[in-house]
Amino acid sequence: MFIYDLSTCNLQFICTFASDMLKLALIIMAIVAVSMLLLTVNIWLRGGEFRSQHIGQSKEMRRRGIHCVQSMDAMERKKKRLRR
């Protein structure tokens, strides 16, 4: 079992480690900030709108005969009523 003795740890190592961790955290925050900025610019260039993500409004999904779950459920219920 490995036991770390804090009394052998010097203050210089702790300060260096904390400084390195702070630098890493700042670099990560800068990368995230630049990513968010680029995503925002991309949205502005598109005019602030996205294509619809609903399955029922997608031309390709309609071509393949795929509908949203609610529509498919309603169609199945209608078929069952007609069979009775």
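What the table below lists for this structure:
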quantity	calculated
Condition met for His54 (in contact (Cβ under 8 Å) with a residue 12 or more places away in the chain and either exposed (fewer than 10 other Cβ atoms within 10 Å of the Cβ) or in contact with an Asp or Glu (Cβ under 6 Å, 6 or more places away or on another chain) (or both))	yes
When residues of region 60-77 are limited to those that are under 25 Å from the mean Cα position of the chain (by Cα) and in a helix (DSSP H, G or I), the one surrounded by the most Cβ atoms within 10 Å (Cβ to Cβ)	Met61
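Every number in this text was worked out from the coordinates using simple rules, so none of it is lab data. Only a predicted model underlies this, so the values are computations on that prediction, with no experimental measurement involved. No Cβ is skipped: glycine too gets one built from the backbone with ideal geometry, and neighbour counts run over all protein chains shown.
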